[in-house]
Every structure is written in structure tokens, then in C-alpha cells.
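Read the structure below first, then the notes.
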Amino acid sequence: MIKRLVCLFLTFIALMSASLQAQDLQFSQYYAAPLYLNPALAGINQMGRAGMNYRLQWPAIDAKFETFSAYVDVNFDEKNSSVGLIFTNDEAGATGLRNSEVALQYAYQVRLNQQYTFRPAFQISYATRSIDFSSLIFGDQVDENGFTGNPSAETFGNQKANFFDTGLGGIIFSKNAWIGVAVHHVLEPDQSLGVVSDPLPRKTSIHGGYKFPLSTNYKPGVNARGQEKSITPTFNYRTQAGFHQLDLGAYFTYSPIIMGLWYRGIPIKENNRAEAIVAMLGLQKNNFAFGYSFDFTLSDLGIATGGAHEFSLTYSFKWGDPRKPSRNVRELQCPVPYMF
């Protein structure tokens, strides 16, 4: 029965992965933005968790992208269930094109056997998209002396669109390995700011990795002081509207320090050339994790754009009966970085 459930879920995910056009915002530290990446990651640390992410892309030019996200999730141990709440706000370009979304997520946990755990999930969200046309200058506002300061006679459509959205996700993991799939914008809601319909195309993400414990004088992956020592290769492949992107790299952990290095791009595909090298440095101490990363632009835009700066902060907290050991102590832990 469980195997059939997994097969049906993955089949449905595959059928929903077709896409049309446009592309969503992204985080280079994708595992430090777990609820944005995949609703199945809500509550996966078997505790409670709160976090935030901030990304500033291309700060040296007017077309900069600025993104903020905050989330909280909790796990209900006895119900094998987790709930997450995430808010995301993104502003792009000189026109102040803004996308805001608040999403509620639910994930259910199934132990397939002693080695593997499966977590299907879904999310429902409410989004707002807006643009500030007043920041643009049109031809009828300019004469031989330059900008006149007069209002434009141009007429515009809606400057704001509100819509509901849906998403699905799933992840299978063991002590050292995991693979997940997420599909966002399942119903392709209309995000039009004009009179013509503008469906928001589905986005599919496939992500995973494997944690290799490194040898110590105590036991593999952990020294006598309890410090983790490991290398974790990871990947995140995304496709939306005919656009394809792959992040491929690894974390090196020698707690409390975490370092990461990724390559972004698919140079073997036409119009999907190398985009960036991402370097990350993080600190994980007690219940806190902090990370900073920088995207070194490899595309034709060049480093003159200012690259991209990204910050993440995560806090995990005890949830439920304080007398009972948390489930991540009693059962296999998820190896996904930041899912402590």
C-alpha cells in the first residue's frame, strides 16, 4: 500500500511538471530556504523552526532584484504531521515590480522501512503582484528640453493582481541520502496586470544529495567533542517556461563551520549557459544557523552588476512535551544541511 502511494504521488508530480513561460525568484542557499524550496521540508527536523532569507541581486545596476522571505514550521510528532507558514516578497527592476505571497503548508511523514522515510506535502497560498507605472517616463513626457514633469496620456491596465496558488512536494530520505521533487503553480493562476490573460507557468524542482561522513579519531563523521565532519554533495535542478537551471556543488561541514561551493548553469544547453559560481560560509551553533553567500556572475552581464549577496538565519526550538526527547533524537535524522 505504501509503495503504491509513493508511485501514485511521483506519477502525479511528473504529469504536473509541464511549463509555459517566465520564471520565479531563486535562492542560492536553497536548503537554507527549505519551505520555499519544497513544502515537504516543513517540519522535517522533527522540532519547531523559524528562519529568514534576504537576497540582493545585481545591486550595481538599476535592474536590481531584492527578495525577503520569513517562515516558521512545527512538527506534530504523534500525528506524523508538520505545518509550515512562509511569507515571501520580491521587488525587481526600476518599475518596482513586486510579488508578495503567503503560503500555508502541510506535510505528512511515512516510515517506508527502517531505512527510508517519505514525506508528501501540499501548500495553498495567496499572492499579490503589482507594478508602479508612475516610475516610468514615456515619450509624451519629453520635449526638446528633456523631461517635462507632466503626466503621461498613456493608459494602463490593472496595476495590481491578486490570486490563489497551489503547490505539491515530496521527499524521500535516509540517514545519509535524500531526493525531493516540488511543483509550484500547479493550476497556473492568472497573474495578469493587463487585459490579456497571463498564466503563471508551473515550476518543477528536483533536488537531492548525499552526506559522506569523514573519518575522525572517534567515529565516522563525528569527533570526540561531538563536532560533525562531513562532505555533502547536493544538486537542485529547476525548469519553468522552457528555462532550465542546475545548481551543483557541495557543503563541507566541520562544526560549527559550514562552507559551500556551487556552480550554476547548464552550458551544454543552448541559451542556458554558465551563470554563476556561488561561495557560501556559514556558522551553526546551538540552535542557530547563519549563512552568507556571494554569486560571482559568469554570464555576459559580468561582475560589474555586483553579483548577488544572500543572507540566511535559522533558529530551531523544542516543540511539544518538554519531557519527551525530540523525534530527531529517537529516529533517523534527515541529512539535509540546515535541517538540524
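The values are calculated or read from the model by the stated rules, or taken from the named source; none is laboratory data. Predicted, not measured: the structure shown is a model, and the values here were computed from it. Using ideal geometry, Cβ is built from the backbone for each residue, glycine included, and neighbour counts are taken over all protein chains shown.
Assess whether F252 counts as being of a type outside the set (G, A, S) and under 18 Å from A33 (Cβ atoms).
Details: of a type outside the set (G, A, S): yes; under 18 Å from A33 (Cβ atoms): no.
No: the conditions fail for F252.
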(message) surrounded by fewer than 18 Cβ atoms within 10 Å (Cβ to Cβ) and within 25 Å of A103 (Cα to Cα): which single residue out of A241, A224, A182 fits that description?
(response) A241
(message) Restricting to region 283-303, name every residue that is polar (S, T, N, Q) and not in a strand (DSSP E or B).
(response) N286, N287, S299
(message) Among (1) modelled with pLDDT of 90 or more; (2) farther than 22 Å from I179 by Cβ; (3) buried (at least 18 other Cβ atoms within 10 Å of the Cβ), there is one condition I131 misses while meeting the rest; what is its number?
(response) (1)
(request) Give the residues of region 79-106 that are of a type in the set (V, I, T), modelled with pLDDT of 90 or more and under 17 Å from L25 (Cα atoms), sorted by residue number. (result) I86, T88, V102
(message) Please determine whether any residue of region 107-122 is loosely packed, with under 13 Cβ neighbours inside 10 Å and either assigned to a helix (DSSP H, G or I) or at pLDDT 95 or above (or both).
(response) no
(request) Examine region 215-235 for a residue that is within 17 Å of the chain's Cα centre (by Cα) and modelled with pLDDT of 90 or more, and state whether such a residue exists. (result) yes
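Mind listing just one residue for me: the one in region 300-340 that is aromatic (F, W, Y) and under 23 Å from I179 (Cβ atoms) and, of those, modelled with the lowest pLDDT?
Initial filter on region 300-340 (aromatic (F, W, Y)): 311, 315, 317, 319, 338, 340.
Now drop any that are not under 23 Å from I179 (Cβ atoms), which leaves 338, 340.
Numbers: Y338: 63, F340: 50.
Only one residue fits best here, namely F340.
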